[in-house]
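The values are calculated or read from the model by the stated rules, or taken from the named source; none is laboratory data. Predicted, not measured: the structure shown is a model, and the values here were computed from it. Neighbour counts are summed over all protein chains in view; Cβ atoms, including those assigned to glycine, are modelled from backbone coordinates with ideal geometry. Surface accessibility is based on the protein's heavy atoms, side chains included, excluding ligands, DNA and RNA. Shrake-Rupley method; radii C 1.70, N 1.55, O 1.52, S 1.80 Å.
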Amino acid sequence: MSAIVKFDDVHLSFGALKVLKGISFEVQKGEVLVLIGRSGSGKSTALRCVDRLERINGGDIVVCGRSISDPKLDLRALRQDVGIVFQSYNLFPHLTVEQNITLAPRWVKKVDRATARAEALQVLRQVGLEEKIDAYPEQLSGGQQQRVAIARSLAMKPKVMLFDEVTSALDPELTGEVLKVIEDLARGGMTMLLVTHEMAFAQRIADRIVFMHQGRVWEEGPRTLLADPQTPELRTFVGSRH
Amino acid sequence: MFTNFALIHVQVLLGGLIWTVVLSLISFVFGGLIGFALALAGVSKVRWVSRTIATYVALIQGSPVLIIMFVIYFGLPILGVEVGSLTAAGIALVLFSSAYLGTIWRASLQSVPKTQWEGADCLALTYAQRMGLVILPQAIRIATPPTVGFMVQIVKNTSLASVIGVVDVTYVGKQVNAATFQPFTTYLVIAVLYFCLCYPLSVLSRRFERAYSVSHR
């Protein structure tokens with residue numbers, strides 16, 4: 001097994017506020033790693049560092065063999081290997097579902113129009129939304145928009161997918177359909193790094209769970225970790241969620 | 001001897017109106033080009049770039065267009081640079097509109113949510129692709145009503161050029177007034193002529209505002 005994402009003593013501060021205080025963990029190929037923790041524990045920030053949306057102050061992250069603190073890093077190559085899905089979907093409101101999905105393949109990978117559309121249909125089938133290919137984002141429900149956002153990331157054929165609290169903006173009814181899509185992806189062997197507040201989901205999908213607390217990796221282990229917490233912090237955290 | 005205000009005077013005024021329109025177009029086109037560059041530089045993450053732009057804009061917005069015109073028309077010759085009245089007026093109005101359009105457009109770019117910028121970045125788009133395909137199409141929607149609204153300000157401000165001798169409709173108006181000594185009629189006609197230029201722009205601006213508030217797409 002080889003690590004697709006490797007955090008090595010990562011430090012990050014926003015001004016005087018230390019958000020990450022030396023975190024280390026690895027995500028192996030084909031593995032689903034779930035980051036859990038309270039709001040403000042630094043888990044979303046850690047995730048965003050992988051795609052270099054935040055710049056780290058110390059340590060290093062190696063993503064698909066690229067060091068993200070390398071001054072000669074090819075940022076666009078990194079971002080083609082990494083797919084990211086956000087809490088707020090971030091679909092482009094002025095473009096149709098098809099245009100949202102084919103934008104990057106056509107402009108970044110120079111795929112021709114017909115091929116791009118065929119690929120768009122294929123990823124839409126994966127998320128169960130083929131019939132919405134000509135819709136605009138505003139015509140879709142939140143859950144559907146989030147599934148399109150996942151399809152948009154998949155169209156770039158990423159080597160690893162990041163999910164940043166992707167169901168936090170959805171009501172419980174719509175959460176299920178999005179989680180199902182993510183589970184299907186996990187079963188298909190996609191390497192994933194997930195931040196979520198859905199504990200039941202984390203327990204179902206995770207190969208490994210990392211519990212973050214106050215900017216540190218507090219506990220780490222297989223999915224049984226939640227059933228058998230070793231630290232009082234994780235015990236309290238799990239307890240408050242059940 | 002005074003002559004009576006007659007059709008011939010309207011024709012002369014219309015001749016002056018052409019220069020009002022020309023000056024407006026120069027201000028809008030070149031002010032727009034510079035303003036666009038200012039807007040792009042204004043959202044730059046490089047501190048000194050956005051600070052320099054902010055200073056330029058503050059300086060221009062903090063001084064009357066007329067004074068900028070005087071500085072160029074009367075000031076530059078002292079430094080040995082001769083400028084004609086049309087050129088001086090043109091430069092001053094271009095500076096004026098670039099500062100305002102730059103501000104309007106920078107604000108429009110910034111009102112496209114940060115998450116949209118990130119979304120585009122994460123898809124590995126280049127700077128130009130991100131701007132052209134994702135940010136500008138959304139920013140233009142936001143920018144259109146205030147931009148068209150500002151064009152009205154440009155048209156009205158061209159009247160200041162008459163002070164340094166540009167033969168625009170206001171300048172011609174003063175001559176017509178001197179010949180007829182019928183200031184009420186003369187200036188009323190001029191006001192109507194300006195109104196005819198500005199009103200369609202105002203209507204257009206309001207129409208855009210309504211169109212874009214109904215549908216977000």
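How high is the relative contact order of the range B:7-214, given as a whole-number percent (alpha carbon pairs under 8 Å, six or more residues apart)? Reported as a whole number, the value is 30 percent.
Couplings 3J(HN,Hα) of the range A:50-57, computed from phi: 4, 9, 6, 7, 10, 9, 7, 9 Hz, in residue order, whole Hz [Karplus 6.51 cos²θ - 1.76 cosθ + 1.60, θ = phi - 60°; x for Gly and Pro]. Counting only protein heavy atoms and a probe of 1.4 Å, the accessible surface of the range B:7-214 is 73% carbon and sulfur. Summarising the amide proton neighbourhood of A:His213: residues at separation of 5 or more, or on other chains, whose placed amide H is nearer than 5 Å comprise A:Trp218. Dividing the summed helix terms, -39500 (n - 2.57) for each DSSP H run of n ≥ 4, by the number of residues in the protein assembly as shown produces a 222 nm estimate of -17500 deg cm²/dmol to the nearest 500.
The Rg/Rh ratio of chain B, with Rg taken over Cα atoms and Rh as the Kirkwood radius over Cα pairs, comes to 1.07. The HN-Hα couplings worked out from phi for the range A:117-131 by the Karplus form 6.51 cos²θ - 1.76 cosθ + 1.60 (θ = phi - 60°) are 5, 4, 5, 4, 4, 5, 5, 5, 4, 4, 9, x, 9, 3, 6 Hz, whole numbers, x standing for Gly and Pro.
When only the Cβ of Lys, Arg, Asp and Glu is charged (+1, +1, -1, -1), the dipole of the protein assembly as shown relative to its Cα centre reaches about 420 debye. Residues whose amide H lies under 5 Å from that of A:Ala135, counting only those 5 or more places away or on a different chain, are A:Val97, A:Glu98; hydrogens are built 1.01 Å from N in the peptide plane. Shielding value for B:124-131 is 4, the average number of Cβ atoms from other chains within 10 Å of each residue's Cβ. Averaging Cα coordinates gives a centre for the range A:46-122 and one for the range B:26-50; these two points are 28 Å apart. Near B:Ile164, once Lys and Arg are set to +1 and Asp and Glu to -1 for all other residues with Cβ below 14 Å from its Cβ, the sum equals -1.
Pull up all non-local amide H partners of A:Val32: gap of 5 or more, or a different chain, and H-to-H distance under 5 Å with H placed in the peptide plane. Excluding prolines and chain starts, which carry no amide H, the hits are A:Met192, A:Asp207, A:Arg208.
Please list log₁₀ I(q)/I(0) at q = 0.13 Å⁻¹ for the protein assembly as shown, using the Debye equation with identical point scatterers on the alpha-carbon positions. Computed log10 I(q)/I(0) values: -1.13. Note that the range B:96-113 has calculated 3J(HN,Hα) couplings of 4, 6, 4, 5, 6, 5, x, 5, 4, 6, 4, 4, 5, 4, 6, 7, 6, x Hz, one per residue in order, obtained from phi through the Karplus relation 6.51 cos²θ - 1.76 cosθ + 1.60 (θ = phi - 60°); glycine and proline are x.
Basic side chains Lys and Arg get +1 at the Cβ, acidic Asp and Glu get -1 at the Cβ, and with that the dipole of chain A about its Cα centre reaches some 560 debye.
Taken about its Cα centre, the range A:143-213 carries a charge dipole of about 400 debye when Lys and Arg each add +1 at the Cβ and Asp and Glu each add -1 at the Cβ. Over the protein assembly as shown, accessible surface divided per residue gives 47 Å², non-protein components excluded, 1.4 Å probe. Summed over both chains, the area buried between B and A is near 2000 Å², taken from the accessible surface of protein heavy atoms with a 1.4 Å probe. Label separation (B:Val46 vs B:Ile18): 4.5 nm, computed from points 7 Å beyond Cα along the C-beta direction. Within 10 Å of the Cβ of each residue in A:86-95, the mean number of Cβ atoms contributed by other protein chains is 6. Using Cα-only point scatterers and the Debye equation, what is log10 of I(q)/I(0) for the range A:95-203 at each q in 0.12, 0.13, 0.16, 0.23 Å⁻¹, rounded to two decimals? Taken in order of the listed q values, log10 I(q)/I(0) reads -0.40, -0.46, -0.70, -1.32. Mean partner shielding of peptide A:102-111, defined as the number of other chain Cβ atoms within 10 Å of each residue Cβ, is 3. Once C-alpha pairs closer than 8 Å and six or more residues apart are averaged by separation and normalised to the residue number of chain A, the relative contact order reads 27 percent.
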